[in-house]
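Single-structure report; data block below.
The values are calculated or read from the model by the stated rules, or taken from the named source; none is laboratory data. Here the structure is a predicted model, which is why all the values come from computation and not from measurement. Cβ: placed from backbone, ideal geometry, glycine included. Neighbour counts: every protein chain shown.
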């Protein structure tokens, strides 16, 4: 492929082919399987295999196609099977359901009702993806192509808009490309929210013989998996975004830095680069414009701090992944001391859209200072776990209750944690805040990369703060003493509090240490390390105080601040719990409850580990967990 | 791998050669060695040093910085318990505790028979199916405490067989 005309012709034929597949005008029906990590681990490949066997057994290869697509996003309802041209979406499909789908739907043309999504409020079955409430408020920009195209087939990508943005960019002056990105208002999706166009401008203005574009795919925030899904669902878009960035700043080399924990994403990215090299959309003299671009992949090795851009650059350079002082910023002196821009996966995935559809279209949704959409990984105590892409400005309430379907088991919403270990908690009183970069910061949290973990009344906020501090303590690279030592001391204090050994003085010390770590660390990891502590201390101080003064964990999580007892009037002396108890701490009493033939059991507090084994076996719910010590 | 035989040395040199054209190949070389052998002992680091000209101290610094690189051999089955936020709020701590209890080892340790290693993982991005456990790369979704003994038994039954 050497000219714009050739690309146009290819796009035209691929678009026709994909449309024919979706609309069934090619005379075939198509079975799509979710190939995201979540569904793959729920055996979607075995499901695919079984479909292929059935198609072969019925000699229907020329009538039915079977292929994988990227993540549908609605992970808690996976694995998904979609059938074109009817656009029927089956959810939670098991291998054992495949024969039925094949017989009923593929052969018989009937919809298999029990595999359809059922709306929990109306109890009505929904056949099409777009009619499911979870998808209704979403708008797919960064997740473009996910659940539609085969992420390992460049022709399907070409049929779904790939490289049109690149083509448009290559017909413009680099400066105009940057202006377009500036006009779109795109801000970095990795956490900081720095205007992407300005970053590109800095690198554009730096004069050097070589410049680099680096894609930050070191998605380390626990609870965030949007970058993984984008790379797994449409790697072509991210590479295209990187190439546009390269053209804009004058870079001919690009590096993807992806976590080694994401093998499927790496495999598909590698495949996409190979295919793009083969058709000549990557390489030298792209489309005859004289623009050269080569893409490379580097794998992380399990260090969270490498998500920090300067640490990431050190890691690519084969060094310990420790951050560098800034300035000089990477746009001036980055990879191998050359001007470099580091953009997150989701940011780059938005770029082709902006060039293809125009800055105006991108900026048509969002808030004044945060344009476009943002992908969130909605997880924790929420019904609809999955990836959601929503326009900036959507409220937390809409995200949690409408898209997310609310909290399971009728429990009460307590907090939503955004921004991972660098972020904070938002509580019920913040539910009507429109989500954007600045609003979240104003409320003491941050957007971060988009992890959003919902917590209910059963989550202890001191324990959550301890969890994040343990994470940071583990992942601090050790370069700056305040971060290295300060986080350790904070963890010790939090551990003390959760074990009932804390004092009110500890709270003051936590606050003081938070300030020290925040103001004396080189990189964002240290500067934000205390955020979960500060935020929980602000919103849930009463929980800290309950741990310290009442020696009680109100959420009944911290093992040293709860106790187990048996409701002797419920116990029917079945002794299941006795067998389950690993420490033999359940004994028989003399008390025979009214209506019972045998004496009830009770728990010996000193021996009890609070492991929960007895609760899991008791069918009568006779074992009660109480906050506080006995 | 106390004494590396000739074939081993050859293999390591071969891995280094794969990246001869790269500007800064150390991470890639170490990743490949880790994947090939399961660990990167000092002897191997010395061979890499001789081959690439990077000092042993620098290599050692890199090996010990990243949690994917290991100085000690790992078990045949590496049980990775995700302790990311989504998994944690859904009870991942109890899952890893159960593995520890049954196998008698803590996180980062290997059983004496060399069969199992338990690793505490930071988010593996499988939050949609929390709590998640990986064993040699295979992801187990929505693991419950009661499943843990069965999972271990299944791998014990396979034992040392390939």
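Below, the figures for the structure above:
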read-out: Criterion violated by residue A:326 - all others in (1) more than 10 Å from chain B (Cβ to nearest Cβ); (2) in a loop (DSSP other than H, G, I, E, B); (3) crowded, with 24+ Cβ neighbours inside 10 Å satisfied; value: (3)
read-out: Residue that is crowded, with 24+ Cβ neighbours inside 10 Å and either farther than 28 Å from residue A:190 by Cβ or within 14 Å of chain B (Cβ to nearest Cβ) (or both), where the choices are A:483, A:460; value: A:460
read-out: Every residue from the range A:172-192 that is part of a loop (DSSP other than H, G, I, E, B) and under 24 Å from the mean Cα position of the chain (by Cα); value: A:185, A:186, A:188, A:189, A:190, A:191, A:192
read-out: Flag for residue A:443 being touching a strand residue (DSSP E or B) at 6+ places or on another chain (Cβ under 8 Å), more than 14 Å from chain B (Cβ to nearest Cβ) and free of Cβ contacts under 8 Å to residues at least 24 places away in the same chain; value: yes
read-out: Count of the range A:600-627 residues which are more than 38 Å from the chain's Cα centre (by Cα) and buried (at least 16 other Cβ atoms within 10 Å of the Cβ); value: 5
read-out: Subset of the range B:129-143 [closer than 20 Å to residue A:78 by Cα and touching a residue at least 12 places away in the same chain (Cβ under 8 Å)]; value: B:129, B:130, B:131, B:132, B:133, B:134, B:139, B:141, B:142, B:143
read-out: Residue count, the range A:308-317 (criterion: crowded, with 22+ Cβ neighbours inside 10 Å and at the interface with chain B (Cβ under 9 Å from one of its Cβ atoms)); value: 2
read-out: Helices (runs of 4 or more DSSP H) lying entirely in the range B:54-111 (those with 3 or more residues that are under 25 Å from residue A:377 (Cβ atoms), touching a helix residue (DSSP H, G or I) at 6+ places or on another chain (Cβ under 6 Å) and more than 9 Å from every other protein chain (Cβ to nearest Cβ)); value: none
read-out: The range A:6-36, subset in contact with a helix residue (DSSP H, G or I) (Cβ under 6 Å, 6 or more places away or on another chain) and within 14 Å of chain B (Cβ to nearest Cβ), residue surrounded by the most Cβ atoms within 10 Å (Cβ to Cβ); value: A:36
read-out: In the range A:401-412, residue surrounded by the fewest Cβ atoms within 10 Å (Cβ to Cβ) [restricted to those that are in contact with a strand residue (DSSP E or B) (Cβ under 9 Å, 6 or more places away or on another chain) and within 19 Å of residue A:129 (Cα to Cα)]; value: A:401
read-out: Unique residue being touching a strand residue (DSSP E or B) at 6+ places or on another chain (Cβ under 8 Å) and part of a strand (DSSP E or B) when the list is A:150, A:67; value: A:67
read-out: Residue A:485 being assigned to a helix (DSSP H, G or I), within 22 Å of residue A:629 (Cβ to Cβ) and not assigned by TED's automatic domain parsing to the domain that holds residue A:411; value: no
read-out: Every residue from the range A:276-307 that is within 14 Å of another protein chain (Cβ to nearest Cβ) and out of contact with any strand residue (DSSP E or B) (no Cβ under 8 Å at 6 or more places or on another chain); value: A:301, A:302, A:303, A:304, A:305
read-out: Test: residue B:81 is crowded, with 17+ Cβ neighbours inside 10 Å and not assigned by TED's automatic domain parsing to the domain that holds residue B:109; value: no
read-out: Filtered residues of the range A:421-448 (kept if out of contact with any helix residue (DSSP H, G or I) (no Cβ under 7 Å at 6 or more places or on another chain) and under 20 Å from residue A:192 (Cβ atoms)); value: A:434, A:436, A:437, A:438, A:439, A:440, A:441, A:442
read-out: Complete set of residues in the range A:229-254 that are touching a strand residue (DSSP E or B) at 6+ places or on another chain (Cβ under 8 Å), surrounded by 24 or more Cβ atoms within 10 Å (Cβ to Cβ) and within 14 Å of another protein chain (Cβ to nearest Cβ); value: A:229, A:230, A:231, A:233
read-out: Some residue of the range A:337-360 being within 14 Å of another protein chain (Cβ to nearest Cβ), touching a residue at least 40 places away in the same chain (Cβ under 8 Å) and in a loop (DSSP other than H, G, I, E, B); value: yes
read-out: Among (1) outside any helix (DSSP H, G or I); (2) surrounded by 16 or more Cβ atoms within 10 Å (Cβ to Cβ); (3) under 30 Å from the mean Cα position of the chain (by Cα), the one test that residue A:478 misses; value: (2)
read-out: Scope the range B:112-136; condition more than 7 Å from every other protein chain (Cβ to nearest Cβ) and under 15 Å from the mean Cα position of the chain (by Cα); matching residues; value: B:114, B:115, B:116, B:117, B:118, B:119, B:120, B:121, B:133, B:134, B:135, B:136
read-out: Filter pass, residue A:408 being in contact with a helix residue (DSSP H, G or I) (Cβ under 6 Å, 6 or more places away or on another chain) and farther than 30 Å from residue A:167 by Cβ; value: no
read-out: Any hit, the range A:566-579, residues being surrounded by 13 or more Cβ atoms within 10 Å (Cβ to Cβ) and within 14 Å of another protein chain (Cβ to nearest Cβ); value: yes
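Quick grid of which residues meet (1) under 30 Å from residue A:488 (Cα atoms); (2) part of a helix (DSSP H, G or I):
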{"residue": "A:512", "(1), (2)": "yes, yes"}
{"residue": "A:522", "(1), (2)": "yes, no"}
{"residue": "A:545", "(1), (2)": "yes, yes"}
{"residue": "A:564", "(1), (2)": "no, no"}
{"residue": "A:569", "(1), (2)": "no, no"}
{"residue": "A:609", "(1), (2)": "yes, no"}
